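The structure appears below as structure tokens.
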Amino acid sequence: MAVPTAARATLAQQRIETPSWAYANSGTRFKVFAQPGVPRDPWEKIADAATVHRLTGVAPTVALHIPWDRVEDYAKLSAYAAEQGVELGAINSNVFQDPDYKLGSVTNPDARIRRKAIDHLLECVDVMDATGSRDLKLWFSDGTNYPGQDNIRARQDRLAEALREVYDRLGDDQRMLLEYKLFEPAFYTTDVPDWGTSYAHCVELGEKATVCIDTGHHAPGTNIEFIVAFLLRANKLGAFDFNSRFYADDDLMVGAADPFQLFRIMYEIVSAGALAPEAGIAFMLDQCHNIEAKIPAIIRSVLNVQEATAKALLVDADALAAAQRSGDVLGANAVLMDAYATDVRPLLREVRADMGIDPDPIAAYHASGYQKRIEADRVGGTQAGWGA
Ligand code: PSV
Ligand code: MN
Ligand code: MN
């Protein structure tokens with residue numbers, strides 16, 4: 001299959017954001033398996049993210065999580081990131097770990113706790129002012145476990161009120177990303193359980209509010225690319241949190257469980273012309289590497305997104321449109337499958353060579369000596385924040 005020059009340029013310019021917490025120790029609710037050499041503070045997480053960017057050339061930003069990455073001076077952290085060759089990306093809020101939030105954060109029946117949660121979200125906007133970050137990412141664990149536990153409609157009102165206050169605090173160049181998740185930790189109702197709920201709140205809020213699709217946050221069998229297409233058309237897709245799921249919110253490497261789904265998602269993006277940074281969609285990873293080596297796993301994830309994107313770029317748009325117009329069901333499907341079946345690894349190796357980086361970033365990482373260095377230098381790495 002001939003590879004258009006434009007596709008090579010597009011691949012070289014792709015941007016994938018890595019999450020600070022993926023570099024730190026993490027685990028399940030049963031056990032954290034600590035690994036040698038993991039970062040002990042946000043500075044070291046940024047150094048690891050910069051290493052991933054140096055080796056892949058397409059991961060120039062790192063998302064922070066407050067309070068896990070809380071520091072005295074965010075402008076200094078931002079300057080340090082720049083020295084390392086990366087920028088600080090989305091600011092992730094956390095209103096899901098404090099015991100005060102047992103019955104909810106911004107939807108809690110107690111006004112005092114709602115105030116505390118909103119104040120944290122406003123603090124995150126202060127952090128964005130200092131770091132120059134564009135995006136505030138909101139994920140709420142709020143919900144109920146038992147029928148009758150709380151008033152479902154009242155909780156929506158409280159949510160809308162809190163979102164409005166935070167939205168009104170955003171600067172001209174700042175945005176709000178509202179993430180949804182089907183269930184967990186609440187098992188009966190979740191206050192933002194699906195894209196429709198997130199979308200409705202974002203529409204009510206205004207143009208600075210958009211939906212974040214975490215690929216692991218759906219019921220099995222959900223057609224995620226349909227959600228992507230719908231939100232793209234409505235101009236309400238702000239970001240992805242990429243990861244893989246086999247069962248629930250597994251946070252495994254993106255493209256590991258279902259590379260075909262990742263291709264279908266990236267095809268919707270490519271066909272809508274929404275891949276370029278100017279289109280305003282943040283392509284982020286949201287993963288935890290509990291048992292595998294973290295930096296190579298993050299590099300692998302970046303490569304998986306690149307491979308899905310390369311295949312999406314190879315879809316013969318004219319042939320597909322002609323088959324669709326003439327009602328050629330099998331022909332149209334074949335055009336898509338031909339692109340998916342293409343081995344794009346040689347192409348990506350060439351793209352990397354043209355970018356002046358090693359064509360095999362994982363081998364380059366192992367050869368670099370970085371892992372040995374961090375294992376020797378860093379003693380007593382911190383936990384990402386959950387799963388103790
Ligand atoms: C919890 O489910 C979660 O994985 C959400 O997806 C957030 O994006 C992430 O944690 C970081 O807060
Ligand atoms: Mn997420
Ligand atoms: Mn999640």
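Between residues in the stretch 224-250 that are buried (at least 22 other Cβ atoms within 10 Å of the Cβ) and residues that are of a type in the set (Lys, Arg), which pairs lie under 7 Å by C-beta distance while being six or more apart or on different chains?
GLY238/ARG175
Against the condition in contact (Cβ under 8 Å) with a residue 60 or more places away in the chain, farther than 19 Å from ASP100 by Cα and among the acidic types (Asp, Glu), how does GLU179 come out, does it pass?
For GLU179, the condition - in contact (Cβ under 8 Å) with a residue 60 or more places away in the chain, farther than 19 Å from ASP100 by Cα and among the acidic types (Asp, Glu) - is met.
Check off (1) among the β-branched types (Val, Ile, Thr); (2) under 16 Å from ILE16 (Cα atoms); (3) away from ligand 3 (no atom under 16 Å from the Cβ) for THR210 and give me the number that stays unchecked.
(2)
Restricting attention to the stretch 165-191, which residues are part of a loop (DSSP other than H, G, I, E, B) and over 17 Å from the mean Cα position of the chain (by Cα)?
Those that are part of a loop (DSSP other than H, G, I, E, B) and over 17 Å from the mean Cα position of the chain (by Cα): LEU170, GLY171, ASP172, ASP173, GLN174, PHE183, GLU184, PRO185, ALA186, PHE187, TYR188, ASP191.
Which one of the conditions (1) farther than 22 Å from HIS53 by Cα; (2) within 16 Å of ligand 3 (Cβ to nearest atom); (3) surrounded by fewer than 24 Cβ atoms within 10 Å (Cβ to Cβ); (4) not charged (D, E, K, R) does HIS217 fail to meet, given that it meets all the rest?
Single failed check for HIS217: (3).
Given VAL38, VAL58, VAL32, which one is aliphatic (A, V, I, L, M) and out of contact with any Lys or Arg (no Cβ under 8 Å at 6 or more places or on another chain)?
After applying the criteria, what remains is VAL32.
Within the stretch 97-144, which residues are under 25 Å from the mean Cα position of the chain (by Cα), among the hydrophobic types (A, V, I, L, M, F, W, C) and buried (at least 19 other Cβ atoms within 10 Å of the Cβ)?
Of everything in the stretch 97-144, those that are under 25 Å from the mean Cα position of the chain (by Cα), among the hydrophobic types (A, V, I, L, M, F, W, C) and buried (at least 19 other Cβ atoms within 10 Å of the Cβ) turn out to be VAL106, ALA117, ILE118, LEU121, CYS124, VAL125, VAL127, MET128, LEU136, LEU138, TRP139, PHE140.
Looking at (1) under 15 Å from CYS202 (Cβ atoms); (2) free of Cβ contacts under 8 Å to residues at least 60 places away in the same chain; (3) not in a loop (DSSP other than H, G, I, E, B), which is the one condition that is false for LYS137?
LYS137 satisfies all of (1) under 15 Å from CYS202 (Cβ atoms); (2) free of Cβ contacts under 8 Å to residues at least 60 places away in the same chain; (3) not in a loop (DSSP other than H, G, I, E, B) except (2).
Looking at the stretch 174-214, which of the residues that are within 28 Å of PRO147 (Cα to Cα) and among the hydroxyl-bearing types (Ser, Thr, Tyr) is surrounded by the fewest Cβ atoms within 10 Å (Cβ to Cβ)?
Taking the candidates together, the pick is TYR188.
Filter the stretch 17-74 down to the residues that are without any contact (Cβ under 8 Å) to a residue 60 or more places away in the chain, within 16 Å of ligand 1 (Cβ to nearest atom) and in contact with a Pro (Cβ under 6 Å, 6 or more places away or on another chain) and list them by number.
Once the filter is applied, which keeps residues that are without any contact (Cβ under 8 Å) to a residue 60 or more places away in the chain, within 16 Å of ligand 1 (Cβ to nearest atom) and in contact with a Pro (Cβ under 6 Å, 6 or more places away or on another chain), the stretch 17-74 yields LYS45, ASP69.
Looking only at the stretch 48-70, which residues are farther than 22 Å from ALA12 by Cα and buried (at least 18 other Cβ atoms within 10 Å of the Cβ)?
Listed by number, the residues that qualify are LEU64, HIS65, ILE66, TRP68, ASP69.
Looking only at the stretch 192-243, count every residue that is away from ligand 2 (no atom under 13 Å from the Cβ), part of a strand (DSSP E or B) and either more than 16 Å from the chain's Cα centre (by Cα) or not β-branched (Val, Ile, Thr) (or both) and tell me the total.
2
Looking only at residues that are among the small types (Gly, Ala, Ser) and at positive phi in the stretch 244-297, which one is nearest to ligand 3 (Cβ to nearest atom)?
Selected residue: GLY255.
Conditions tested, residue by residue: (1) surrounded by 20 or more Cβ atoms within 10 Å (Cβ to Cβ); (2) out of contact with any helix residue (DSSP H, G or I) (no Cβ under 6 Å at 6 or more places or on another chain); (3) over 30 Å from GLY27 (Cα atoms); (4) among the basic types (Lys, Arg).
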{"site": "GLY280", "(1), (2), (3), (4)": "no, yes, yes, no"}
{"site": "ASP328", "(1), (2), (3), (4)": "no, yes, yes, no"}
{"site": "GLY331", "(1), (2), (3), (4)": "no, no, yes, no"}
{"site": "ASP354", "(1), (2), (3), (4)": "no, yes, yes, no"}
{"site": "ILE362", "(1), (2), (3), (4)": "no, no, no, no"}
{"site": "TYR370", "(1), (2), (3), (4)": "no, no, no, no"}
{"site": "ARG378", "(1), (2), (3), (4)": "no, yes, no, yes"}
{"site": "ALA384", "(1), (2), (3), (4)": "yes, no, no, no"}
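A short reminder: the numbers here are calculations on the coordinates, not readings from a lab. Bear in mind that the values here come from a model prediction, so they are computed numbers and not experimental data. Neighbour counts run over all protein chains shown; Cβ positions are idealised from the backbone, glycine included.
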